[in-house]
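K.L.:
Take a look at this one; I'll ask things after.
The values are calculated or read from the model by the stated rules, or taken from the named source; none is laboratory data. As the structure is a prediction and not an experimental result, all values here were calculated from the model. Reconstructed Cβ throughout: ideal geometry from the backbone, glycine too, with neighbour counts over all protein chains shown. Areas reflect the complete protein model, heavy atoms only, side chains present, ligands, DNA and RNA absent. Shrake-Rupley method; radii C 1.70, N 1.55, O 1.52, S 1.80 Å.
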Amino acid sequence: AIAALIWFHALAVTYSPTYLRENTDGVRRDWPRFPLPASKDTLLASAELGQELATLLDPETQVTGVTQGTIRSDLKIISPVTAAPGRNFDPATDLNVTAGWGHPGKGGVKMPGKGKLVEREYVAAERKSIEEGVSLLGLSGSQAIAKLGEKPFDVYLNDNVYWSNVPANVWNFTIGGYQLLKKWLSYRELKILARPITADEARDFTHTARRLTAICLLEPKLDENYLTAKSAAYKWLVSGETAPPL
């Protein structure tokens, strides 16, 4: 448990946008360094934040307020499955992914496609829900929109059905160099999957979008945590120095 504190602290620090800007070269070289707090309390607080982040990143772990229980108001309006105007949604027939998100390539390689993505403005009800939810995080509505992106997308499965209100920065969120939501869709195109997605799989997309939204909204706290660790980092001894008495 004590050893894990370092790894959770590292996760919290390396997800800080400020850290990534300041350490771009180290990250690109796959040799990033991060400050170790000199204070036990600072390390514990950072590790706790890292544990929260790890839970959001783990699709096998349900997160109260994000994927289960009473969903936060800033998240419940993110990515619901929605019928196109004038259409009625039937889960039995309307979950074929045919919007062109992927297609088979040579040798069984799955190739991504352009798909159907519609950019729009946030509607008043969506902005209100975001403002109400993020106030509990200590953020203003404008701060939240800045983190999520000024405009959301409607992400279409097919002509009849789409996931509504996927913020731009959530749609563009990458892990391991891959655009996460788009990558997920590319493997579920009907030509590749050979069946409709299930209702549970449609909810998985919604839950993933909400997890990524929660991570984006955690960024101010991650930045603050990094700067705190950086400002009072443990001083490593160099050759010839003597450790101070305990």
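K.L.:
Looking only at segment 189-219, which residues are open to solvent by 60 Å² or more (accessible area, probe 1.4 Å) and of a type in the set (D, E, K, R)?
P.N.:
Result: K191, R195, D200, R203, D204.
K.L.:
Under 6 Å by Cβ, and 6 or more places apart or on different chains, what pairs join a residue from segment 220-243 that is surrounded by 12 or more Cβ atoms within 10 Å (Cβ to Cβ) with one that is aromatic (F, W, Y)?
P.N.:
Once the first residue is surrounded by 12 or more Cβ atoms within 10 Å (Cβ to Cβ) and sits in segment 220-243, its partners that are aromatic (F, W, Y) give L222/Y15; Y226/Y19.
K.L.:
Let me confirm something: among I215, I197, which residue is farther than 19 Å from W101 by Cα, at pLDDT 95 or above and of a type in the set (A, V, I, L, M, F, W, C)? Give the steps one after another, and end with the answer.
P.N.:
Numbers: I197 fails: farther than 19 Å from W101 by Cα.
When all the criteria are applied, what remains is I215.
K.L.:
Select from segment 2-33 the residues that are part of a loop (DSSP other than H, G, I, E, B) and aliphatic (A, V, I, L, M) and list them in ascending order. Steps first, please.
P.N.:
Filtering segment 2-33 down to residues part of a loop (DSSP other than H, G, I, E, B) leaves 15-16, 23, 29-33.
Hits for segment 2-33: nothing passes.
K.L.:
Could you list all residues from segment 41-98 that are over 24 Å from the mean Cα position of the chain (by Cα), of a type in the set (A, V, I, L, M, F, W, C) and more than 22 Å from K182 (Cα to Cα)?
P.N.:
Residues satisfying the conditions are F89, A92.
K.L.:
Enumerate the helices (runs of 4 or more DSSP H) found wholly within segment 34-145, keeping only those where 3 or more residues are of a type outside the set (S, T, Y), open to solvent by 80 Å² or more (accessible area, probe 1.4 Å) and without any contact (Cβ under 8 Å) to a residue 60 or more places away in the chain.
P.N.:
Per the criteria, 40-57, 124-135.
K.L.:
Restricting to segment 146-167, and then to whatever is free of Cβ contacts under 8 Å to residues at least 24 places away in the same chain and not in a helix (DSSP H, G or I), can you tell me which residue is most open to solvent (accessible area, probe 1.4 Å)? Give the steps one after another, and end with the answer.
P.N.:
Here is the first cut: in segment 146-167, the ones free of Cβ contacts under 8 Å to residues at least 24 places away in the same chain are 146, 149-150.
If we keep only those that are not in a helix (DSSP H, G or I) too, we end up with 149-150.
Numbers: G149: 8, E150: 117 Å².
Step by step, filter segment 146-167, then rank; the result is E150.
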